[in-house]
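I have placed the structure first, in the form of structure tokens, so that the comments after it can refer back to it.
Nothing in this text is a laboratory measurement; each read-out follows from the coordinates by a stated rule. This is a predicted model, so every value here is computed, not measured. As a convention, Cβ positions derive from the backbone with ideal geometry for all residues, glycine included, and neighbour counts pool all protein chains shown.
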Amino acid sequence: MRFTFEVLVTLKHGLADPQGKAVEASLPALGFTDVSDVHVGRHVRLDVEAPNEPEARTQVKEIARRLLSNPVIEDFRVLESSAPEGGA
Amino acid sequence: MTVGTPRVGVITFPGSLDDGDALRAIEIMGGEGVALWHADHDLQGVDAVILPGGFSYGDYLRCGAIAGHAPILDDVRVFADRGGPVLGICNGFQILCEAGLLPGALIRNASLRFICRDVFLRVETSQTPVTGELVPGEVIEIPVKHGEGQYIATSEQLRAIEDEGLVVFRYADRTGVVGEGSNPNGSLDAIAGVRNEAGNVVGLMPHPEHAVDPDVGPTGGQPLFAALLASALAGARA
């Protein structure tokens, strides 16, 4: 079965996030003056072929740990997968 | 066979830019440059390895992330574990961090701007294959050119890096004083380069390979290459 996953990668708390800062700094010019703590991360969507959801999820976690994120500076979250396609 | 001339390999990844300059710097300084390919499992028996600057895989995902899993990195890891000298420059530094061969990580410059200019570096240790001809406190001038050179680590990692003396170079002014004004990218503790615990793997953001020819700028890269060739030769004879 094919399972679709989404992985969110974000900078660890407390680390410098120059991209988030730049976005935050640009908001007052758009009229948003009450926004703070802006952070920019990465969103990855992928399909995995596996016998069942737990096995697919295990693979995705390994992919996220070894390649999609850098454990030195980033955390990741594997979001809920969607139901298998085609209802097979 | 190495007979007096150390052989230094330079790995080309898809998107490497400074492999040519690194090979040229090796030759200018009296070594033999050996072109290596990222997809090969073959270091061709070289005495030292350089991972050059550039934008491997277009910096996709994170700088150096995909190259950090290239086939030849397995061989670099074995070579490094045996004590072989390994130098990562700019993107090569990012690749070594991503591969876990060096501590820390490199992110977007604090200014969000790409920086291309000559900087001064204060040498922090002689105990590496590239600083053996320098003394701590000495200042060298070489260029930086990067958009993602801000060195960061978690506070525990940073403490370990400092406590174990793993910092090799810090951004400084021409007199060797470290301060905010001389830190081009916001790196923690003004760190420009680090080494591994064994001391044989070194990475730095500035470009010593662009600073060996007096006709085109500062020559602060010369002592680094001279030391690298000397340690490569020592390794070859061992």
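Tabulated values for the structure
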read-out	value
Binned Cα-Cα distances of region B:80-161, short to long, each 5 Å bin given as a whole percent	3, 12, 17, 23, 26, 15, 3, 1
A:F32, B:F169 arranged by Cβ crowding within 10 Å, fewest neighbours leading	A:F32, B:F169
Environment charge at B:V49 (Cβ cut-off 13 Å; Lys +1, Arg +1, Asp -1, Glu -1)	-4
Isotropically averaged projected area of region B:1-119, using the convex hull of Cα atoms (one quarter of hull area), nm²	8.0
q = 0.19 Å⁻¹: log10 I(q)/I(0) that the Debye formula gives for chain A, counting C-alpha atoms only	-0.84
Relative contact order (%) - criterion: Cα under 8 Å, at least six apart; region: region B:86-164	34
Computed over chain B: relative contact order in percent, which uses C-alpha pairs under 8 Å that are six or more apart	22
Positive-end extreme of charge dipole, chain A - chosen from A:L8, A:S69, A:G41 (charges on Cβ)	A:S69
Within a Gaussian network of chain B (alpha carbon springs, distance under 10 Å), most fluctuating of B:G64, B:G165, B:G179	B:G179
Rg/Rh for the protein assembly as shown, where both radii come from Cα atoms and Rh is the Kirkwood radius	1.02
Ranked list, fewest to most other Cβ atoms within 10 Å of each Cβ, for A:I63, B:I191	A:I63, B:I191
Residues A:S26, B:S231 arranged by fewest to most Cβ contacts within 10 Å	A:S26, B:S231
Relative contact order (percent, whole number), chain A, Cα cutoff 8 Å, 6+ residue spacing	52
Reach of A:K61 by Cα under 16 Å, taken over aspartates and glutamates that are not fewer than 8 positions away in the same chain	A:E6, A:D47, A:E49, A:E53, A:E74, A:D75, A:E80
Among B:H38, B:F79, B:V178 the positive-end extreme of the charge dipole of chain B (Cβ point charges)	B:V178
Distance between region A:45-62 and region B:84-148 - C-alpha centres, whole angstrom	38
DSSP-loop trypsin sites (Lys or Arg not before Pro) across region B:151-238, with at most 12 other Cβ within 10 angstrom	B:R174
Lysines with Cα under 16 Å of A:K21, excluding same-chain neighbours fewer than 8 positions away	A:K12
For A:64-75, mean number of other protein chain Cβ atoms within 10 Å	4
Packing-based ranking, highest mean first, of B:90-97, B:71-78 given that Cβ atoms within 10 Å are counted	B:90-97, B:71-78
Rg/Rh for chain B, where both radii come from Cα atoms and Rh is the Kirkwood radius	0.93
Reach of B:K145 by Cα under 18 Å, taken over aspartates and glutamates that are not fewer than 8 positions away in the same chain	B:D18, B:D19, B:D21, B:D59, B:D118, B:D173, B:E209, B:D213
